[in-house]
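Below: the structure, in structure tokens.
Values quoted throughout were computed directly from the atomic coordinates according to the rules given, and no laboratory measurement underlies them. It should be emphasised that the depicted structure is a prediction, and the values quoted were computed from it without experimental measurement. For neighbour counting, all protein chains shown are included, and Cβ atoms are generated from backbone atoms with ideal geometry for every residue, glycine included.
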Amino acid sequence: MFKLLLIWRYFVRKRVALIAVLAVTLLVMMVLVVLSVMSGLIENTRSRNHNWTGDIVLTRHSLVGFPYYDEFIDRLYQSDIIAQATPIIKTYGLLESDWTTPLIGVRLDEFMHVTGFAECLYKTTDENKTFTVPDITDPGPDTPSLTPEQRKRGFMRGGFLRSSSSDLMDSIWQSSQLRYYLPLPITVFAINSRGLLTGSQAGENQTFWFVNYFRTDLLDVDDTILVDFDELQKLSWMDGQDGQPPRASQIRIKLKDNIDLETAQTQIAQFWREFAQQKEKQDHAELLTDLTVQTWKEYRRDYIGPMENEKTLMIIIFSMIGSVAVFVIFAIFYMIVTEKIKDLGIIKSLGASKWALAQVFLGYGALVGMVGSLLGTALGCAIVLNANKIEGWLNQEFGFRLWPPDIYAIDKIPDVVNFSEAAIIALVAVLASLAGALLPARRAAKLVVVDALRIE
Amino acid sequence: MHKLFLSLRYLRKKRIVFFGIAAVTLCVALLIVITSIFNGFVRSLHDYWLQSQGQIQLTPRIAMHPYEDLVEQIENIDGIAAARATTGTGGLLYLGPGDVRAVAIVGLDLNRNARDEIFHKGLLLQSVPNPQKPVADFSLSPEIRDKFTAWYEKKFRRSPTAADMPVGIIVGIGVLAQPDKLTDKYDRHAIIEQLQQRKEPMYIISGKQGEMTAQKIRRLCWPVDVLETGTLHADTNLIYLPFDYTRDLVGNVGSTGEKECLGQIGIYLKPNIKKNIEIARIKQQVQQTWMRFATTRMNWSESKAANVSISDPMQTSNAMMITQEIRKQLAIMQILVGLVCVVAALLIFVTLKMIVMQRTKDIGIIRALGSSRVGIAAIFLAYGAAVGLTGSILGLALGAWSTRNINVIESLITKLLGFKIWKSGVYFFRDIPNEVDWSATWWILITGLITATLGALLPAIHAARLQPVDSLRYE
């Protein structure tokens, strides 16, 4: 009983203990805020990448691509884990005459089922979710009319500016120049199944028309131009006009709900091996051997990984800093032991055990740690949950833009606290406090009664 | 005298004080490393922009031919170290079966660029100083000519004429290969070998400048060298061609009967020119030189010649915005580390408080011997300052050392953790900036010193207010 009493008395009476509490509070708060914001950013990055990629990707790295993709997609549908699969063509294009960009050919309907691409479009009405160049309601004198063939060749351009206001975007959109008649000549290399130049050998050229903007907030993707799968296949001579089987570069797959990602990956890889074996005797079976089957996490690892690494680095830096707090507690407790050496001697002479004295200080350390972590967690949560209000206030009062939306890919500071992470941080803080109390507790325990009570 | 003696004694005898010193050291070192890296990053960006664009950039908005003559005239201006004309366009590069890359084509005059550091150090084959060949060039070696002839004869069943010969190009290293996933380093040997084993030319397709109808041009080319600059954009996007060749490739025949193209001239000032007023004067002279050149040499009307931009690439809003944003992130990091300084101050406070309480009797004796209250306070303040000073100096040493060796430390961390923190794919540059920002160190040192002294302030006051009689009496 006396232990609890002593712990409580020391805690209430010794103002210096408040300093220890303050140190713990500060550090817990700081770690919580930084980690929450970083976790939020990572979560956001992951979901953006997942949204763009779909669940599973079959890729052949070479621009040659691989044949028999439709047959394999049919095979996939026979299993009961696939919700949707769609082929994709990836290549590079020369636009107008002087800028180059990655080109992606998709079957838009299927693609929007496999991925979250529909949410990335600027105009989201049904008539804008297609590559068909729309009819002009009010054709001006200079507007050329498009043939039905030409009208199939719409393109979508990535990366409309986040910072531009919706009014500005609308006015850009409405300027008929951009809306209907922005013809874009696109040139690509035509490559045959052996990877050699084919067609005119000097690049194939076709004009496309603007239909919509999209924004995925992935730097590399927002650089690209999306066109219809069949049109790009035809343009790059992958559609079999040279008598070889048609080819695609990727198959993207959406799994049915509650199918485990990794299991599905193994299963699909197995399907593919069997499929490639069946096709062994057919033309260009060599193109089927070096495909990779990746989950979206693996496929986009280069883009997700760096952020996760940064978080690990932060944790390392903060654990270094946390050691300072341990020293603070150590110094304070050491001081208290020194100061109260006589009290401790009396208690011991009254029959308290070594362990009991150690317990007083360990308990004290734990109490300091707990109060500090509680306060720190509360403060940290308050800051994180109101991060955007605080940022808005800073902006309003001082004109200081902490989080300019056009620099960071998301326009809000992540304001979600991961409570399991918060609990771990608090636990570590309590343990650190205990560690700081350890040596003073040992000193108190080893006290020799006679020494302690002697008058100096 | 006794003050100094006591301060030093306490410092030596009380081992607990080392924690205070360690905390200050940690804060100062962290601040120095973080500030140096962030400012070094800004400097790397600036250097890169400077290197690729010059302090002053002259961009005619109308296509022209005689860039070489213009460059010569500009170089005659006092205070200008060098001027370089570049032109460029986008293109697709076909490297071999199934391998096509989107690239930016840069046309440059190697006779001028070979003097610049990047081309000296970054070239894989020609960087070795060769007495016979003082500057790097685009010329095809006899082996390449033989290999090309063999390829050409096999394909077209006739010998290539001089006009059929491919153009020699220098390729950014990331266009040819991918860096190692873990170490982020390119395998230079494999790339050189790949270059020497090459038996076929590459193809470039591009378009004429300024034409909406993508009128395509296809040319054969052969990589004669590979350039590694350590900068993401340059390494993964750029291929370099001779300036004349590029001008003929992308330009159109103008009224003079010669190929005319759009380009820009990067102007590099002599290192002793730093003041804005001098730069402005040189800018004006460049403007005058340009007008004279356009109106006399090219017979342009004055209004036509006025279609020119003479700008300072560093002052573009984009460059300013990026710099500002990095500075802001630095400020946030500094505030975070500053909070740690507060904890360090707490630590010193606690330590001193403890010493004051333990040494109450000493203080009583000193006071009884006639020392003033201020004298007592001075002992503890000096003590705090000593802790701050020692911590700051150690922190400076540690911080400077860590910054200098940050790339080594990072590669150790890579080995330890199994992943690389600094990747050129994320941070644009291959190497972490490792130059200590000495201009920022003085205020970091002062921060360390003040932190420690502030921590000592309350205990010092406390000690000064002790009554000698109280502290000397038996309890």
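Here are some notes:
- Over all pairs of different C-alpha atoms, segment B:56-311 has a mean inverse distance whose reciprocal, the Kirkwood radius, equals 19.9 Å.
- Computed over segment A:206-349, the convex hull of the alpha-carbon atoms projects to a mean area of 18.8 nm².
- Per the Debye formula on identical point scatterers at the alpha carbon atoms of segment B:209-309, with no solvent, log10 I(q)/I(0) at q = 0.09, 0.15 Å⁻¹ is -0.39, -0.98.
- Chain B - mean residue ellipticity at 222 nm from DSSP helices (-39,500 (n - 2.57) per run, n ≥ 4, rounded to 500): -18000 deg cm²/dmol
- Taking Cβ atoms as reference points and 9 Å as the exclusive limit, the residues near A:Gly203 contribute a net charge of +1, counting Lys and Arg as +1 and Asp and Glu as -1.
- Residues of type lysines that B:Lys154 reaches as a straight line, Cα spacing below 27 Å, ignoring anything fewer than 8 places off in the same chain: B:Lys199, B:Lys216
- Within the shell defined by Cβ-Cβ distances under 11 Å, the residues around B:Gly425 carry a net charge of 0, with Lys and Arg each +1 and Asp and Glu each -1.
- Projection of the Cα convex hull of segment B:261-320, averaged over all directions and equal to a quarter of that hull's surface, yields 5.3 nm².
- In nm, spacing of pseudo-spin labels at B:Ala81 and B:Thr295 (7 Å Cα→C-beta vector): 3.3 nm
- Average projection, convex hull of the Cα set of segment B:327-475: 12.1 square nanometres.
- Computing Rg and the Kirkwood Rh from the Cα coordinates of the protein assembly as shown gives a ratio, Rg/Rh, of 1.06.
- Each 10 Å bin from 0 upward holds the following percent of the Cα-Cα pairs of chain A: 4, 16, 19, 17, 13, 11, 8, 7, 4, 2, 0.
- Rough spin-label spacing in nm, given labels placed 7 Å along Cα→Cβ, for B:Arg158 and A:Asp230: 4.3 nm
- Stokes-Einstein diffusion coefficient of chain B, Kirkwood radius over Cα pairs, 25 °C, 0.890 mPa s, in µm²/s: 90 µm²/s
- Dipole of segment B:264-366 [Lys/Arg +1, Asp/Glu -1 at C-beta], most positive-end residue of B:Val340, B:Ala294, B:Val308: B:Ala294
- Computed label-point distance, nm, for sites A:Glu421 and B:Trp443 using a 7 Å Cα→Cβ extension: 3.1 nm
- Where N is the number of residues in segment B:387-475, Cα Rg divided by 2.2 N^0.38 Å: 1.83
- Residue-averaged beta-carbon neighbours from other chains (10 angstrom radius) around A:23-29: 2
- Annotation for segment A:251-286 versus segment B:362-410: alpha-carbon center distance of 67 Å.
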